[in-house]
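The values are calculated or read from the model by the stated rules, or taken from the named source; none is laboratory data. Not measured: the values here are computed from a predicted model. Cβ sites come from the backbone with ideal geometry, for glycine too, and all protein chains shown count toward neighbours. Ligands, DNA and RNA are stripped out before the accessible areas are found, and what is left, the full protein with its side chains, is counted by its heavy atoms. Shrake-Rupley method; radii C 1.70, N 1.55, O 1.52, S 1.80 Å.
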Amino acid sequence: MLEPLAHLGRDPKTGGYLRDAWSKADLELREWFRGEAARRGLALREDRNGNLWAWWGDPSPERPGVVTGSHLDSVRQGGAYDGPLGVVSAFAALDLLRRRGVTPSVPVGVACFSDEEGARFGVPCVGSRLLTGVLPPERALALTDDDGDTLADVLKRAGREPHLLGRDDETLAAVGTFVELHVEQGRGLVTEGRPVGVAEAIWPHGRWRFDFRGRADHAGTTRLADRDDPMLPLARMVLAARESAGRRGVVATVGKLRVSPGNANAIPGLVSAWLDARGADEREVRALVAELSQDAEVREESWTPVVTFDPALRDRIARAAGGDTPAPILPTGAGHDAGILAAAGVPSAMLFVRNPTGVSHSPGEHAERADCEAGVVALADVLEELCR
């Protein structure tokens, strides 16, 4: 089932994927989702924020459903499994339930959330944040991509109606429980020697934009003593982030830069850097950002507090997914739509499928076929348990 997706948005030079939200590749992936829903006789709905829902049964506030799924967009030069594995496994788990002759007592849905990675507009989990009201629609519509296009512009070109964005209580009321399957972004399951695990909690994490201002000037004729080069405080910040993260027991990454005017033979006038910081202790993450903010203008672009998945639901799923021995329970530093829904009060949980190298957000991301199949069986077992 993953093979029809393998070429969509793939960079032939690197093998990585370019699947920005609302790009040509993303729209093709959305059409694939519609086709898979239609082949199974599922009722397809697109909510006011662009999230897709394929329903087996008719959910209502009085009879909410059990939903599984993930996302189809990717980080730039990302891997084949982050997101798509969860969507493909959701459809495969429904197929397995039907082959078992299961008649669910409540509706079962497959979800595809829009713009989970935030690669284009800088804010992760846009679809689920809008759905739950965490992200105000006016802020979302004003987000811009690298070409200067706003989300409002992009949605209009995709045939959507930007004025509809916002919290969607009708859609939320249809979701009784959400379970997201995802390739593990780490090697916890390698250590455990198990193909499938369950998420315990998601670390608090955020993104910050640092603007370092200087004076643009000629690279050859400006004396070192006369320069106001913003690259120097940027370099100090990157090194300080690494040192502070190690001291505080968190992780910090500068993975995106924008240099203006961007000439090789000119001192820049402005350098913008994006810091991603995460850790088990929110206070230490916040302290790191404060420590680095001395020489720059800093703007918080997103923040997600710690999300602890409901212990009773988590343990129930660990038993259902683990066979004779409950599946191992693991923490994670990666953000997911399941975390956004859980923070909004929707009972949510996550299954992880073993990643032999632990590499993610890269073409090297991988999961063995047998482990993927074990994930489908575990997900089907979980859905059957929750639909009794």
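Residues checked against (1) of a type in the set (A, V, I, L, M); (2) farther than 17 Å from ALA245 by Cα; (3) assigned by the TED database to the domain that holds ALA235:
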site: LEU275; (1), (2), (3): yes, no, yes
site: ARG283; (1), (2), (3): no, no, yes
site: SER293; (1), (2), (3): no, no, yes
site: ALA296; (1), (2), (3): yes, yes, yes
Next on the checklist: Yes or no: the range 249-261 includes at least one residue that is surrounded by 20 or more Cβ atoms within 10 Å (Cβ to Cβ) and outside the structural domain of VAL382 (by the TED database).
Outcome noted: yes
Item to check | Where ALA264 falls short, out of the listed (1) in a loop (DSSP other than H, G, I, E, B); (2) in contact with a Lys or Arg (Cβ under 6 Å, 6 or more places away or on another chain) | outcome: (2)
Checklist outcome for this item: Quick count over the range 114-149, residues being under 15 Å from GLU300 (Cα atoms) and touching an Asp or Glu at 6+ places or on another chain (Cβ under 8 Å), is 4
Next on the checklist: Quick check on the range 115-125: of everything there that is open to solvent by 10 Å² or more (accessible area, probe 1.4 Å) and touching a Phe, Trp or Tyr at 6+ places or on another chain (Cβ under 9 Å), which residue is nearest to ASP20 (Cα to Cα)?
Outcome noted: ARG120
Next on the checklist: Among the residues of the range 82-97, are any farther than 24 Å from ALA367 by Cα and assigned by the TED database to the domain that holds ASP145?
Outcome noted: no
Checklist entry - Do we have any residue at all in the range 381-388 that's open to solvent by less than 60 Å² (accessible area, probe 1.4 Å) and either small (Gly, Ala, Ser) or in a loop (DSSP other than H, G, I, E, B) (or both)? => result yes
Item to check | Of residues in the range 347-370 being crowded, with 16+ Cβ neighbours inside 10 Å and among the charged types (D, E, K, R), the one farthest from the chain's Cα centre (by Cα) | outcome: ARG354
Item to check | Contacts under 6 angstrom Cβ, first residue in the range 190-207 being surrounded by 21 or more Cβ atoms within 10 Å (Cβ to Cβ), partner among the charged types (D, E, K, R) and assigned to a strand (DSSP E or B), 6 or more apart | outcome: TRP203/ARG278; HIS205/ARG278; ARG207/ASP276; ARG207/GLU301
Next on the checklist: Just to check your reading of the model, which residue among ALA38, ALA21, ALA54 is modelled with pLDDT of 95 or more and either closer than 30 Å to PRO356 by Cα or touching a Cys at 6+ places or on another chain (Cβ under 7 Å) (or both)?
Outcome noted: ALA21
Next on the checklist: Would you confirm whether or not the range 84-103 contains a residue that is at negative phi and in contact with a Pro (Cβ under 8 Å, 6 or more places away or on another chain)?
Outcome noted: yes
Checklist outcome for this item: Among the residues of the range 319-346, the number that are in contact with a strand residue (DSSP E or B) (Cβ under 6 Å, 6 or more places away or on another chain) and surrounded by fewer than 22 Cβ atoms within 10 Å (Cβ to Cβ) is 7
Next on the checklist: If I go through the range 33-73 residue by residue, how many of them are open to solvent by 20 Å² or more (accessible area, probe 1.4 Å) and either part of a loop (DSSP other than H, G, I, E, B) or of a type in the set (S, T, N, Q) (or both)?
Outcome noted: 9
Checklist entry - Does the range 234-247 contain any residue that is part of a strand (DSSP E or B), under 30 Å from PHE352 (Cβ atoms) and open to solvent by less than 50 Å² (accessible area, probe 1.4 Å)? => result no
Checklist entry - Any idea which of LEU172, LEU155 is open to solvent by 20 Å² or more (accessible area, probe 1.4 Å), part of a helix (DSSP H, G or I), aliphatic (A, V, I, L, M) and modelled with pLDDT of 95 or more? => result LEU172
